[in-house]
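What follows is calculated from the coordinates using simple rules that are stated; it is not laboratory data. As the structure is a computational prediction, the values presented were derived from the model and not from experiment. Because the Cβ atoms are built from the backbone with ideal geometry, glycine has one as well, and the counts that use them run over all protein chains shown.
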Amino acid sequence: MADVPSTPQQPLPDGIVPEDIVARTENRWLVVMVAMLGVMMAIIVVTGIAGALHPSSNVEIVDPLSLHLQGEFVESNLGTALEPDGTATVRIIAGQYDFIPNCIQVPTQTPVKFRLTSPDVVHGFLLPSTNVNTMVVPGFVSEVRTSFPAAGEYQMPCNEFCGLGHHAMWAHVTAVPKERFANLTPLERTSCAAR
Ligand code: CUA
């Protein structure tokens with residue numbers, strides 16, 4: 001019995017980590033991962049509630065092949081229109097690789113409804129610091145409602161990868177005081193000129 005080693009642990013070859021240490025490390029990382037998942041879920045829920053982010057309110061289909069020929073997305077109907085009830089509707093086509101129209105003026109302190117669609121692939125429409133963030137999917141109309149409390153400029157990036165020109169797919173939304181907006185001609189409402 002004197003030959004039996006006093007420690008049960010056999011020396012392991014170089015670079016081999018004992019099983020119990022591996023298990024302990026794996027458990028530690030499992031806890032870290034679950035904690036990270038918990039934090040990310042919490043961020044999604046909190047920002048979703050606080051920022052009023054929500055899926056689009058309706059499912060509306062449209063023929064992507066005939067957008068330019070008929071219906072509300074014909075060229076003459078794009079841009080910002082004032083409705084009889086005082087609200088504004090902005091119609092935009094997001095296509096490879098531009099928003100049409102590229103520059104958009106909207107009135108401040110007015111309910112604004114964005115209606116977008118795509119003739120080709122999926123694009124993304126996002127106005128930083130607002131609740132506007134939607135995918136633009138061919139065959140569907142994406143509708144987002146918001147309002148602009150103060151005048152200001154918004155850079156508008158495409159935020160879904162849509163091809164080689166994706167990085168250059170930017171446009172501008174300018175919120176102008178509502179009194180001034182009322183005097184703009186339809187052409188001025190889609191003007192890129194600084195004001
Ligand atoms: Cu359009 Cu990315």
**Message:** If you wrap a convex hull around the alpha carbons of the chain, what volume per residue comes out, as a whole number of Å³?
**Reply:** 212
**Asked** Do any cysteines in the chain lack another Cys Cβ under 4.7 Å, and if so which?
**Response** Cys158, Cys162
**Prompt:** In degrees from 0 to 90, rounded to the nearest 10, what is the angle of the helix 19-50 Cα long axis to the longest principal axis of the chain?
**Reply:** 20
**Message:** Report the gain in length on full extension from Val45 to Arg145: 0.36 nm times residue separation, minus Cα-Cα distance, nm rounded to one decimal.
**Reply:** 34.0 nm
**3J(HN,Hα) from dihedral phi, the range 152-162, Karplus parametrisation 6.51/-1.76/1.60, rounded to Hz, x for glycine, proline** = x, 10, 10, 7, 10, x, 6, 10, 10, 4, 10
**GNM result for the chain, Cα springs below 10 Å: residue of Pro13, Pro119, Pro84 fluctuating most strongly** = Pro13
**Complete:** For the range 122-128, in residue order, the Karplus 3J(HN,Hα) values (coefficients 6.51, -1.76, 1.60; θ = phi - 60°; whole Hz; Gly and Pro = x) are 6, 10, x, 10, 9, 10, x
**Request:** In whole Hz, with x marking every Gly and Pro, tabulate ³J(HN,Hα) for the range 134-148 from phi via Karplus 6.51 cos²θ - 1.76 cosθ + 1.60, θ = phi - 60°.
**Result:** 9, 7, 10, 10, x, x, 10, 9, 9, 10, 9, 10, 7, 8, 10
**Message:** Distance between the C-alpha centers of the range 71-140 and the range 145-195? Whole Å please.
**Reply:** 9
**Request:** For Phe140, enumerate residues with amide H under 5 Å from its amide H, sequence gap 5+ or separate chain, H modeled in the peptide plane.
**Result:** Val62, Ser118
